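Here is the structure we will look at.
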Amino acid sequence: MSDTDLKPPEAYWTQPASELIAALHTSATGLSNAEAWLRLKTHGFNDIKPRRVGALGMLLAQFRNPMTLILLFAASVALVARDWVNATIVQVIVIGSGVLSFVQEFRASNAMQRLLCRIALTTTVLRDGRPEHVLATHILPGDVLLLAAGSLIPADGMVLEAADFFVNEAALTGETYPTEKLPGTAAADAALGQRGNCVFMGTSVRSGTAKVLVVCTGRATEYGRIAQRLARRPPEAEFERGIRRLGYLLTRLMLVIVVVVFTVNLLLHRPPLESLLFVAALAVGLSPELLPAILTVTLARGAQRMAARGVIVRRLNAIENLGAMNVLCSDKTGTLTEGVIQLNAAVDSEGRPSEEVRRLAFINATLQTGLPNPLDETLVNSAGAGAAARWCKLDEIPYDFMRRRLTIVIRAEGGGPEAQLVTKGAFENVLACCTQLDSGHGPIPLDEPQRRRLQEQFIGWSMQGYRVLGVASARLPLKSRYERADESGLSFAGFLLFFDPPKAGTAEVLAKLAALGVQLKMLTGDNRHVAQHIAAAVGMNQAKILSGTELDGVSQDALPTVAAQTDIFAEVDPQQKERIVSALRRAGRVVGYLGDGINDAPAMHAADTAISVDRAVDIARESADFVLLQHDLEVLRQGIEEGRNTFANTMKYIFMSISGKFGNMLSMSAASLFMPFLPMLPKQILLNNFLADLPAVAIADDRVDSELTELPRRWDIRRVRDLTVVFGLINSSADFVTFGVLLGLAHAPPALFRSGWFIENLLTELAIIMVIRSQRPFWRSRPGAWLVAAALLALLVVAVTPFPPLSRLFGFVPLPPWLLAAVLAITTAYVMAVEVVKRVFGLGLGALGRPH
C-alpha cells in the first residue's frame with residue numbers, strides 16, 4: 001500500500017494519546033528498526049513531490065514538441081507513399097536530435113540528484129527507544145519525533161510532550177505569530193489553526209522542545225493534500241520568466257512563417273506532402289529545440305563545478321540570481337569571524353574571575369534541551385559533566401528571540417523545599433529581570449548607579465570584540481511548572497566573555513567581492529559595539545551603523561534609501577532582518593542572504609538568493625537555494641563567479657542559436673516564396689540544424705571571458721530580441737549575397753544551389769558561435785576545447801556531404817573550386833561585418849545581460 005492509500009484515524013486530534021498510539025500499533029518510545037523497515041515498504045516514502053520522471057518518460061518528452069510530431073507524422077506519410085529514402089533520413093535526424101538531447105539531460109539530472117543527496121533533510125526519531133537521525137523521507141506513521149527550535153516538521157502528528165513549544169504555521173494557516181502546542185485533545189470540528197495538540201508538515205519549530213507521534217506522512221498530510229489540490233509551482237524566477245517570454249516570441253514568429261510559407265507553396269501548386277515536410281523542417285530549424293536540454297545541462301554542469309568548489313545548488317534556476325546578486329546580507333559569526341567561539345572568562349559583577357558564575361552557566365548550558373548553539377557547546381566543554389549531575393532538572397523556559405534568554409529550574413539531589421532558577425542570555429535582557437546583585441557577602445539591592453556600572457563594563461568589553469552574556473539566579477518555591485513570569489526578581493551573578501576572532505583573509509575576500517560588484521551588509525543580533533569592532537578588524541572601515549531600535553523609527557517609505565546607505569545593522573531581530581532585505585529589494589538591489597539559524601529563515605525567504613551552510617538548522621537549509629559546505633566567504637565568492645560563468649554560457653546558447661537560426665530561416669522562407677524550387681530540401685534543413693546544434697552540447701564547458709563575470713548581470717529579454725534582429729538581418733544579408741552568386745553567376749541548378757547554400761548556411765552558423773561568444777575580437781578569446789572539437793566535427797561532416805555516400809542520401813553535389821572560394825569569401829565577410837557591428841555598437845554577448 002502506498003502513502004496515498006494510508007487511512008489515518010478519523011479526527012485523530014480528538015483522541016487521547018494512548019488510544020492513538022494503540023491505533024497506530026506503536027508505543028511512546030517509537031517504532032523498532034525492523035518495524036520501520038516493514039512500514040517503509042508498505043506505506044512508501046514520506047514525500048509529496050511527484051515521482052521523478054524515469055528514463056523512458058524523459059526520452060519521450062524530447063518528442064512532445066508539436067512541430068517535431070508533425071515532422072515525424074509527415075515522414076511516416078512519406079513512408080506510406082514509398083518515399084523510403086527521404087522519409088527515413090528525416091526520421092533518423094529527428095530521432096537522433098531527440099536522443100542527443102535525452103542523453104545530455106538524463107546525465108545532468110542524475111548528477112543533480114547525487115548532489116542533492118549530500119544535503120538531504122534529516123530528523124531525529126525514537127527507534128528501538130533510542131534517538132536516531134534518519135532521512136525525513138523515511139519518517140513513518142507510528143514514529144516518535146524529537147523536535148526542537150529550528151526543526152522543520154516533516155509530517156503531521158500529535159504532541160505527546162512539550163516544553164514552551166511554539167510552532168510557526170504561517171505556511172498553512174497564514175497566521176503571522178507562532179502558535180503554542182500542548183498535549184491534549186481538540187474538538188472534532190476544530191479548524192487547522194485551532195488544533196493546538198497537533199503539528200503539521202511544512203511548518204517549523206520557533207522555540208521549545210516536544211515529542212510528537214507521527215500520524216500522517218507524504219500526500220496524506222494536510223500540506224500534501226493542499227499541494228495536490230492546488231498543484232502549485234514555486235514562484236517563477238526572473239530567468240524562467242525570460243525563457244518563457246522568449247518561447248512565446250519564437251512561437252509567434254514560427255507560426256507566422258509556417259502559415260505564410262505553407263500557403264504560398266500550395267498556391268504555387270507544389271506537392272502538399274513535400275510542402276508540409278518543408279514548413280515543418282523550417283519550424284524545427286527556427287526553434288531552438290535543444291533549449292530545454294541545453295539549459296538543464298549547462299546549469300547542471302555549472303552546479304557540478306560549484307559543488308567542486310564547496311557550493312551545493314538546490315535550485316538550478318537560482319544560479320542566475322546568484323550571479324546577479326549585488327548585495328550580500330550576512331551575520332558576522334562564521335562569516336566574518338572564525339566561528340570557533342572561546343570562553344575567555346567567567347567573572348562576577350566586579351569583573352573578577354568567578355567559579356560560581358562558571359558553574360551556573362555550565363548547569364544552564366548542559367541541562368537545556370533547545371536548539372544546539374556554539375556558546376552552550378563551549379560552556380559544556382569548559383567543565384566536567386559531574387557539575388550538572390549533582391542537580392535534578394525540574395523545568396526549562398526555552399530561549400526565544402524576544403526574551404533572548406534561557407532559564408533552567410533545578411533542585412539539588414536530596415535538597416530542601418526550594419528550587420533554583422538559573423538564567424543565561426543577552427546581558428541587557430538578563431539584567432532587566434534582576435533586582436539584586438550578587439556580592440562577595442550575599443545579594444545586595446541593584447540600584448541605578450550599579451546598573452550604570454554594569455552597563456559600562458558591558459560596553460567596555462563589547463568594544464574589545466567580546467560577546468558578553470549575563471548570568472542570574474534566584475531561589476523559588478517548588479511547583480509543578482515554571483513560566484516566563486518566574487523570570488523576575490533575580491540576582492545578577494556575573495558575566496560570560498566569549499571571543500570569536502576575526503577570520504584571517506576576510507578583508508581580502510571582501511575586496512574581491514567588491515570588485516565583483518557585491519556589497520556586504522552585516523545583520524547581527526549582537527550589540528553595536530561588538531559589530532563595529534569586528535567590522536573594523538575585517539576592513540569595513542567607517543561603516544555606517546543602525547541599531548534595531550533606530551530601525552523601528554524609520555518609516556516604510558524611507559527604509560529602502562536608509563538600508564541602501566547602511567553597512568551594519570546591529571541588535572536586530574528576525575522580523576527586522578526580513579524588513580531590511582525587503583527594503584533593499586525595493587531599492588532595486590538583488591539581495592542574497594547568508595544564514596544558518598532559525599532567526600535567519602524569514603530574511604532568507606524574502607531574499608532573491610538564499611544561502612545557507614550544511615550545518616545549519618533544518619529550516620535554514622530548506623529555505624536555501626545554495627548550501628555552502630564550508631562557512632566561508634571565499635567559497636561563496638567562487639560560487640558567485642561560477643554562477644556568472646554558467647549564466648554567460650547559457651546566454652551564449654540562447655543568442656547563438658536564435659540569431660543564427662533566425663537569419664537563416666528568414667532567408668529560407670523568403671527564398672521559398674520566389675524561387676521555382678525549394679531552396680533546401682526538408683532533410684537538408686534538418687541536417688543543417690543538427691550539425692549547428694553539435695557545438696551547443698559543448699557550450700556548458702566553454703571558457704568565459706573575465707569581463708563577462710566582473711559585474712552582476714540580469715536577464716534582459718528586450719536586448720535578446722533586439723540583438724537577434726540585428727545579427728539575424730546581417731546573417732540574412734550574407735544569405736542573399738550567396739543567392740546572387742549561386743543564381744546570377746553560377747546559374748546553379750537545384751542540387752548545386754542547395755549544396756552551395758547549405759555550406760554557406762552552416763559556416764555562418766558556426767562562425768556566429770565563435771564571434772558572439774565574447775565581447776573581445778574573436779581571435780583574442782580562446783574557446784573551450786570541447787566547443788572547438790564539436791565545431792570541427794560539424795565542419796568535417798560538411799566537407800564530406802558532397803561526396804558518396806552522403807551525397808546520394810541528401811542530394812548534395814561538389815562545388816566548383818571558384819564557387820567554393822566565393823562561399824568562403826562571403827562567410828569571411830560576414831564574420832568581419834558581425835565583428836565590426838559588435839564592436840561599434842557594443843552588441844556583444846555582455847550586452848545581453850544588463851549590468852546593475
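The values are calculated or read from the model by the stated rules, or taken from the named source; none is laboratory data. These numbers come from a predicted model, not from an experiment. Methodologically, a virtual Cβ is constructed for each residue, glycine included, from the backbone with ideal geometry; neighbour enumeration extends over all protein chains shown. Side chains are part of the model used for accessible areas, which takes the heavy atoms of the whole protein and leaves out ligands, DNA and RNA. Shrake-Rupley method; radii C 1.70, N 1.55, O 1.52, S 1.80 Å.
Screening region 596-607 for residues that are more than 15 Å from Lys521 (Cα to Cα) and open to solvent by less than 40 Å² (accessible area, probe 1.4 Å) and picking the one that is modelled with the lowest pLDDT gives Ile598.
Here's the yes/no breakdown for (1) surrounded by 19 or more Cβ atoms within 10 Å (Cβ to Cβ); (2) hydrophobic (A, V, I, L, M, F, W, C); (3) in contact (Cβ under 8 Å) with a residue 12 or more places away in the chain:
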site	(1), (2), (3)
Lys521	yes, no, yes
Gln532	yes, no, yes
Ala535	yes, yes, yes
Lys544	no, no, yes
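Inspection of region 179-191 identifies at least one residue that is of a type in the set (A, V, I, L, M, F, W, C), farther than 22 Å from Glu483 by Cβ, touching a residue at least 60 places away in the same chain (Cβ under 8 Å) and open to solvent by 30 Å² or more (accessible area, probe 1.4 Å). If the condition is being open to solvent by 10 Å² or more (accessible area, probe 1.4 Å), closer than 17 Å to Ser480 by Cβ and of a type in the set (A, V, I, L, M), then region 388-435 contributes only Leu394. Evaluated against (1) in contact with a strand residue (DSSP E or B) (Cβ under 9 Å, 6 or more places away or on another chain); (2) of a type in the set (S, T, N, Q); (3) farther than 21 Å from Asn429 by Cβ, Asn527 falls short on exactly one condition, (3).
Answer yes or no: is there a residue in region 493-506 that is open to solvent by 60 Å² or more (accessible area, probe 1.4 Å) and either farther than 23 Å from Ala361 by Cα or touching a residue at least 40 places away in the same chain (Cβ under 8 Å) (or both). Yes; the residues of region 493-506 include at least one that is open to solvent by 60 Å² or more (accessible area, probe 1.4 Å) and either farther than 23 Å from Ala361 by Cα or touching a residue at least 40 places away in the same chain (Cβ under 8 Å) (or both).
Number of residues in region 18-41 that are touching a residue at least 24 places away in the same chain (Cβ under 8 Å), exposed (fewer than 15 other Cβ atoms within 10 Å of the Cβ) and closer than 16 Å to Val215 by Cβ equals 2.
Here Leu160, Leu182 are screened, and the one residue that is in a strand (DSSP E or B), over 30 Å from Ala55 (Cβ atoms) and at pLDDT 90 or above is Leu160.
Scoring Glu641 on the criteria (1) out of contact with any helix residue (DSSP H, G or I) (no Cβ under 7 Å at 6 or more places or on another chain); (2) farther than 26 Å from Ile769 by Cα; (3) of a type outside the set (Ser, Thr, Tyr) leaves a single failure, condition (2).
Taken over region 255-273, the residue count meeting the criterion of being part of a helix (DSSP H, G or I), open to solvent by 70 Å² or more (accessible area, probe 1.4 Å) and in contact with a Pro (Cβ under 9 Å, 6 or more places away or on another chain) is 1.
Counting the residues of region 548-595 that are touching a Phe, Trp or Tyr at 6+ places or on another chain (Cβ under 8 Å) and open to solvent by 10 Å² or more (accessible area, probe 1.4 Å) gives 2.
Take the conditions open to solvent by less than 50 Å² (accessible area, probe 1.4 Å), in contact with a strand residue (DSSP E or B) (Cβ under 9 Å, 6 or more places away or on another chain), farther than 27 Å from Ile397 by Cβ and of a type in the set (Asp, Glu) and apply them to Asp156. Does it pass? So Asp156 fits the description; yes. Looking only at residues in region 137-153 that are open to solvent by 10 Å² or more (accessible area, probe 1.4 Å) and farther than 25 Å from Leu406 by Cβ, the one that is modelled with the lowest pLDDT is Thr137.
Every residue, every condition in (1) within 37 Å of the chain's Cα centre (by Cα); (2) of a type in the set (Val, Ile, Thr); (3) surrounded by fewer than 19 Cβ atoms within 10 Å (Cβ to Cβ), yes or no:
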site: Arg713; (1), (2), (3): yes, no, no
site: Arg721; (1), (2), (3): yes, no, yes
site: Thr724; (1), (2), (3): yes, yes, no
site: Thr738; (1), (2), (3): no, yes, no
site: Phe753; (1), (2), (3): no, no, no
site: Phe758; (1), (2), (3): no, no, no
site: Ile769; (1), (2), (3): yes, yes, no
site: Ile772; (1), (2), (3): yes, yes, no
site: Gln775; (1), (2), (3): yes, no, yes
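Scan region 481-528 for residues that are under 30 Å from His631 (Cα atoms) and either at pLDDT 90 or above or not polar (S, T, N, Q) (or both) and the total you get is 31. Set side by side, the residues Leu277, Leu299 differ, and just one is modelled with pLDDT of 65 or more, out of contact with any strand residue (DSSP E or B) (no Cβ under 6 Å at 6 or more places or on another chain) and more than 30 Å from Arg585 (Cβ to Cβ), which is Leu277. Of all residues in region 290-336, those satisfying the criterion of being polar (S, T, N, Q), closer than 16 Å to Leu628 by Cα and not in a helix (DSSP H, G or I) are Ser330, Thr333, Thr335. Here Trp786 fits the description: open to solvent by 40 Å² or more (accessible area, probe 1.4 Å), of a type in the set (Phe, Trp, Tyr) and either outside any loop (DSSP other than H, G, I, E, B) or modelled with pLDDT under 85 (or both).
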